[in-house]
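Read the structure below first, then the notes.
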């Protein structure tokens, strides 16, 4: 009689499938970008007007149901539906076994947040777009780190933050708004008043 600890089978759709085979088929797709983050775009190409979100390295993404892929010249892109809908370049993601380590430095995303914030406040437009787009992609402890960095910008230079957010797509502006509100929950009334005053002064649809 086979050892039940060595042989496990599952009845699926009237057929017998080895549990070990099912385990081998279990995979996840993870952002493994060396820069600590990757951009999500509305179309499978890099353009200044198609950034919809940015995701930190280490986060898992869900592909669209048909796992659409697109080749543009020498580039290949994959369509994802969560945490944000759009296209990610294949060089920025890796398919792993469900229990396999991602190999991503846990500090890479934090370093990216801080680096992009410095560059954004220094006037780098590309870094500004990616930093603000991260508001749609961070969660958990990373969201707290991001909120702290964004909150510092909001309190120290509200005019430049509002002006930068005004140039972003509506969905990103709303995510930035919500993250700023979270970041300033414990701030003084004066600090919260300054950001609100800038939104009114610049007539931003916040």
Q. At what distance in nm do the modelled label points of residue 187 and residue 119 sit from each other, each positioned 7 Å from its Cα along Cα→Cβ?
A. 2.4 nm
Q. So between residue 111 and residue 34, what do we pick up on full extension, going 0.36 nm a residue minus the alpha carbon distance?
A. 26.6 nm
**Q.** Length-normalised contact order for the range 53-143 - Cα pairs under 8 Å, 6+ apart - percent
**A.** 34 percent
**Q.** the range 56-206, Cα convex hull volume normalised per residue, Å³
**A.** 129 Å³
Q. Between residue 157 and residue 99, what length in nm is gained on full extension when 0.36 nm per residue of separation is reduced by their alpha carbon distance?
A. 16.5 nm
Q: Run through all the Cα pairs of the range 27-97 and give the fraction in each 10 Å bin from 0, expressed as whole percent.
A: 22, 60, 17, 0
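None of the figures in this text is laboratory data; all of them are computed from the coordinates on show. Owing to the predicted nature of the structure, the values given are computational and were not obtained by experimental measurement. Because the Cβ atoms are built from the backbone with ideal geometry, glycine has one as well, and the counts that use them run over all protein chains shown.
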